[in-house]
1. Between S80, S142, S219, which gets the highest mean-square fluctuation from a Gaussian network model of the chain, Cα cutoff 10 Å?
2. Spin-label point model (7 Å from Cα, Cβ direction): what's the S142 to N255 distance in nm?
3. Taking only C-alpha pairs under 8 Å that are 6+ residues apart, what is the relative contact order of the range 153-284 in percent?
4. When semi-axes √(5λ) of the Cα gyration tensor in Å is calculated directly from the model, which label among [x] 28, 21, 19; [y] 46, 28, 16; [z] 29, 25, 17 fits?
5. Here are some pairs, K213/K269; K13/K141; K50/K235; K12/K55; which of them have Cα atoms lying more than 30 Å apart in this structure?
6. Quick one: accessible surface of S105, probe radius 1.4 Å, all protein chains present, in square angstrom to the nearest 10.
7. Express the accessible area of the range 160-231 per residue in Å², computed with a 1.4 Å probe while the remaining protein chains stay in the model.
8. Leaving out ligands, DNA and RNA, what percent of the accessible area of the chain is carbon and sulfur, probe 1.4 Å?
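The values are calculated or read from the model by the stated rules, or taken from the named source; none is laboratory data. Note that the structure is predicted; figures quoted are calculated from it, not measured. Don't worry about glycine lacking a Cβ; one is built from the backbone with ideal geometry, like all the others, and counts go over all protein chains shown. Calculation scope for accessible area: heavy atoms of the full protein, side chains included, ligands and nucleic acids excluded. Shrake-Rupley method; radii C 1.70, N 1.55, O 1.52, S 1.80 Å.
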Amino acid sequence: MLVKKEDILELKKLAAHIRYDAIMAIKNVGQGHIGGSLSIADLLAVLYGKQLRYKSEDPNWDDRDWVVLSKGHAGPALYSALAIKGFFKEDTLLTLNNGGTSLPSHPDRLKTPGVDVTTGSLGQGTSQAAGVATGLKMSEKSSYVYLIVGDGELNEGQCWEAFQYIASNKLDNLILIIDENKKQLDGDTKDIINPFDIEAKVRSFGFTTLKVKGGDINSIDAAIDYLKAIKNTAKCIILDSIKGAGVPLFAEMDNNHSVKFNNAELNKKTDLELERLKKVYAGE
């Protein structure tokens, strides 16, 4: 079902707000994972703006949907979505990765309201999500698990073991979402370990698989709706995304996995991008 035009606009505003807050938090601490945070901002806007069942006033609500950010280095984007939606105050974002913070560089379920699973060691979130989905099935709950994985993370063999388990057990209460932004820590994914055709590989593992543009909010939402309506199969969405998406300064930067804000020119350009994003989410 197509999203109403006014709803799409609100989700785009939310995506801009998530980008703004994530960049502000990273810039404030001086460095951080910009690229992979920005590439999932539209996805997070769809999840927290429309698709997820949650109660910000009760983060551990028993009937909530679960988000497992296996690519934990994109934590700043997740934290931004959580703050905007009221899990904690937005100004807490400026404590990112500081001593004693509730917002460490990678998500920690014991520290941050709204974080369901501790992640960051790449590959391990896939197995944890499979376990959560299994537990929810055994408890006969209708909750969904949204597992967000990076394409560089797929270098980890543990991902494919977990995928095989998910498909073999037909965990239809889990949607695997692969952020195919085509870059990782040391460069382009094709130059590090050629991923070949990720869509074909996931299909061969038994997943009903859809590929959509990572910045197309309507297509992301429609893909989730479609997959939630089918049963008895493993499910996957591949986001054909851009690392640093939504912010040209970072999207066009070669080494945008982790960015250091250590020169005046970069800081000035970043401030201009922040002003632009603020106008977007404010509806100006």
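1. It is S142.
2. 5.1 nm
3. Once divided by the residue count of the range 153-284, the mean separation gives 28 percent.
4. Label of the calculated value: [x].
5. Pairs exceeding the cut-off: K13/K141.
6. 50 Å²
7. Values: 3500 Å² over 72 residues.
Per-residue value: 49 Å².
8. 49 percent
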